[in-house]
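Undergrad: Would you mind keeping the following structure in view while I ask a few things?
The values are calculated or read from the model by the stated rules, or taken from the named source; none is laboratory data. Keep in mind it's a predicted model, so treat the numbers as computed, not measured. Here the Cβ positions follow ideal geometry from the backbone for every residue, glycine too, while neighbour counts run over all protein chains shown.
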Amino acid sequence: MQPFLAILRSLCLVLSLSETNALALRSQDVLAPVSPNAQIPLGGITAPSDQLPLPAPGKPVEPGSSITRTYEDLLDALNVMQDNYFELWEGTWPTSIDWTAAVLGTHVSATLSSLTSTAGDVLSSTLTPEGNGDRTRPKTLDLYALDFENLINHFFDQTSAFYFGEDAFSLRNQAFDDMLWVVLGWLENIKFQVLHSDLHYDDPGSPNQTTKLRWHGAQFRSPAAHRARVFYGLASGGWDVSLCGGGMIWSPYLTPYKNAITNELYISASIGMYLYFPGDRIDSPFAAHAVDDEDWSDGYPHNPAHLQAAIEGYSWLNSSNMTGSNGLYGDGFHISGWKNSENPGSRKCDVLNTMVYTYNQGVILSGLRGLWLATASQQYLYDGHGLVIDVLQATGWPDKDSQTWQGLGRGGVLEDACDSSGSCSQNSQTFKGIFFHHLAEFCRSIRPQELRFLASANRTNEEENDWEYVYEWHQARCRTYRPWIEHNANAALLTRNADGKVGEWWGNISVIDTSPLPQGAIDYENYGAQGEGSESLTGLLRSRGGSHGHSASDGSGAETHSRRWGAASEQPRFMATQETLAQTDDYNDRGRGRTVETQSGGVAVLRALYQWKTTPSLA
C-alpha cells in the first residue's frame, strides 16, 4: 500500500506543477442547472421515418454451443491483445500511442463488464459439464467461480497497472480529444468495478459465498475517479462560444477546427460524468472544494453542470449541419477567413470537411443513451437509431455480395476508406473497434447502478415508469442489428493469422473497386493536411507518438509519428487491385500490418456479438 501511495503522491505533485492546472478549475457553474428528470426539447427533430421493423416477440434462447463459441473467440482475442502487446512492467501497450492506449484500456474494462454480466447464469451453464461447453472446464460450480474470478482479476489487475503506465503528464498537454479518451476510459473502469461488486459481492440475493464482502478491486475506484475528474476539467477548456456559437475545438495548438469526434467525446464524457462519476475526495493536485460532491440518495453527486454540458453539447452538434445527405457525420468544420483571434474571419462553421470515419458515427451513441437515461427524452434514442441505420446502409447491408463501396464499406462489412489499400494510420486502425464499443454501449441492458439512479431521480414509481416502455422499444430496435453485428464479427475472425492476430481490413479480398472519398473530403487521419484542393492547416500539432519515449512503428523499422502534418502519401489513394493484393500472401500484412489497434477492433466486435447473444432482450 505504501508504494501505491508514494507513486500516487508523486504523480499528483508532477501534475500540480503544470501551467494548465487552471483549466481543471474552470467553473461550470455558469451552466444553468436543470432538473434531473427534465424533458429536453430538441427543436423540431423528428424520429427517422425509415426504421427497421420490430422483430416478432418470443425470440428463441441462444444455444449454449453458440454462446460458448463466441465466448472462446472473445477470450482468445483478448488474450492475444494482452499477452502479445501489453507489458506489465511498463503498465501499458508499448507499441500504442497515448490516445490509443486509453482506448485499449476502455476495451479491456468493457469486456470485463460483459463477462461478469453473464458469469452467474449464461457462462456457468455453458462452460460446465451440465451445459454444452468444454468438459475440460472446472467440474463444479465452486471451482468454476474461483476460476472465473481469477480470470476477471487477471485482466483487471492489468488495467490497474495501466493507471501508472498511462502517460498522464503528456496527455495533459495534448489535444482535447486525447484528454476525453482518458475520461471515458476510467469511467468505463469504474462502471466495471461497480457492476462486478453489485452482481457478485454486494447483492444480498447472490449465491456467492463472498456476498456482503467488499470486492478488492473497488478500492481502485478513488484513483480512477480522480483521473477522470482531472482530465474532464482540462478538456472542458475546449468549449468555445466565440466561434460558431459553441462547440469544442479539436486542439489548442491548431487553427480552430470544430470536429465531430471532439464534440461527440465531450457529450459522452459529460453525460458519463453525470451518471457514473462517484465523486472525488482526492485534494491533489486541485483543491477538493472545486468539485461539488453532494450526493444523491444513490451515493453519486450527479452534478447538474455535467448534464447541462452534455445537453448543450448535443444541441450544438445536432444543429451544426455536420452530417451529409447520407446521415453520416463529416469530420469537422473550419472557419472561412480565419487568420488569428484578432482576425477571426466569418466566425462561422462554414467549411465542412466531408471526410467520413467509422468512429465519428459511434462515440455519440453512448452519449445519446446516457442523455435518454438522464432526461427521459426518447428523442435521443430516436436519433441514435437513425444514425445506426444510416451506418448499416453505408456498408451496403443487407446485400452481402456487393463489392461496390457505399461510404463505410461494402457487402455489409464496416470499413474505413483506407482499409482496402492497407494505408491506414495508427489512428485509423483504432476506429472500427471504437464504433462497435459505443454501439454495444448504446444497446446494453440497464444495470443495477442505473436502476438506483432512476430511483433516486423518482423515475421508478408508478407515475414515472414510462422509461420501461421506451427501454423495451429501444431494445427491440437494437435486436434488429444482431445479424449485421454477427456478419462483421465473422468477417473479422476470418482475418486472424496463425498467432490469432486480427487484421485491419475485414472486407472481401476479391474487391477491385476503389474506396472514393466524399466530395470535398480531406483525410487528415491518413494523409495529413495535404489533399486535393485543400490548404494546409497552420500550426503544427506535436506528435502523439511520444509516450514512454516510444515512436509508433509501421513494422518495417521506420518510425512514424501520428498526426504530424506533412506531405501526402505517394501511394494510390484507397484503391485495392488484384495486382496490389497479389504482392503479399496476406493482404492484412500490408502497411502497418496487424497491430494492437487492429486487435482491439476484433475484441470490440466480438464483445458486441457476445453481448447480443447473452442478453435476453437482445438475443
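Undergrad: I'd like the full set of residues that are more than 27 Å from Ser366 (Cβ to Cβ) and part of a loop (DSSP other than H, G, I, E, B), limited to the stretch 310-355.
TA: Residues satisfying the conditions are Ser336, Gly337, Trp338, Lys339, Ser341, Glu342, Pro344, Gly345, Ser346, Arg347, Lys348.
Undergrad: Mind listing just one residue for me: the one in the stretch 358-386 that is over 26 Å from Gln449 (Cβ atoms) and either over 16 Å from the mean Cα position of the chain (by Cα) or aromatic (Phe, Trp, Tyr) (or both) and, of those, surrounded by the fewest Cβ atoms within 10 Å (Cβ to Cβ)?
TA: Taking the stretch 358-386 first, the residues over 26 Å from Gln449 (Cβ atoms) are 358-361, 386.
Filter again for either over 16 Å from the mean Cα position of the chain (by Cα) or aromatic (Phe, Trp, Tyr) (or both), leaving 359, 386.
Working: Tyr359: 25, Gly386: 18.
Of everything passing the filter in the stretch 358-386, Gly386 is surrounded by the fewest Cβ atoms within 10 Å (Cβ to Cβ).
Undergrad: Can you tell me which residue is surrounded by the most Cβ atoms within 10 Å (Cβ to Cβ) among those in the stretch 139-184 that are under 23 Å from Phe431 (Cα atoms) and without any contact (Cβ under 8 Å) to a residue 60 or more places away in the chain?
TA: Met179
A quick yes/no check of all residues on (1) assigned to a helix (DSSP H, G or I); (2) farther than 25 Å from Gln393 by Cβ:
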| site | (1), (2) |
| --- | --- |
| Glu450 | yes, yes |
| Phe453 | yes, yes |
| Val470 | yes, no |
| Gln475 | yes, no |
| Trp484 | yes, no |
| Ala492 | yes, no |
| Asp499 | no, yes |
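Undergrad: Sticking with this one: For the stretch 417-434, indicate whether the set of residues that are surrounded by 24 or more Cβ atoms within 10 Å (Cβ to Cβ), among the aliphatic types (A, V, I, L, M) and over 16 Å from the mean Cα position of the chain (by Cα) is non-empty.
TA: yes
Undergrad: Going through Leu373, Leu408, Leu414 one at a time, which residue ends up being touching a residue at least 24 places away in the same chain (Cβ under 8 Å) and under 17 Å from Thr480 (Cβ atoms)?
TA: Selected residue: Leu414, the only one of Leu373, Leu408, Leu414 that is touching a residue at least 24 places away in the same chain (Cβ under 8 Å) and under 17 Å from Thr480 (Cβ atoms).
Undergrad: While we're looking at this one, here's another question. Let me spell it out: the conditions are (1) crowded, with 20+ Cβ neighbours inside 10 Å; (2) of a type in the set (D, E, K, R); (3) over 19 Å from the mean Cα position of the chain (by Cα), and Asp401 meets all of them except one. Which number is the exception?
TA: (1)
Undergrad: Search the stretch 293-325 for residues being among the small types (Gly, Ala, Ser) and surrounded by 22 or more Cβ atoms within 10 Å (Cβ to Cβ), and hand back the single one that is farthest from Tyr276 (Cα to Cα).
TA: Gly313
Undergrad: Six or more apart or on different chains, Cβ under 7 Å: which pairs go from a residue in the stretch 245-258 that's farther than 19 Å from Ser346 by Cα to one that's among the small types (Gly, Ala, Ser) and at pLDDT 95 or above? Could you list them?
TA: Every condition considered, the pairs that remain are Ser251/Ala175.
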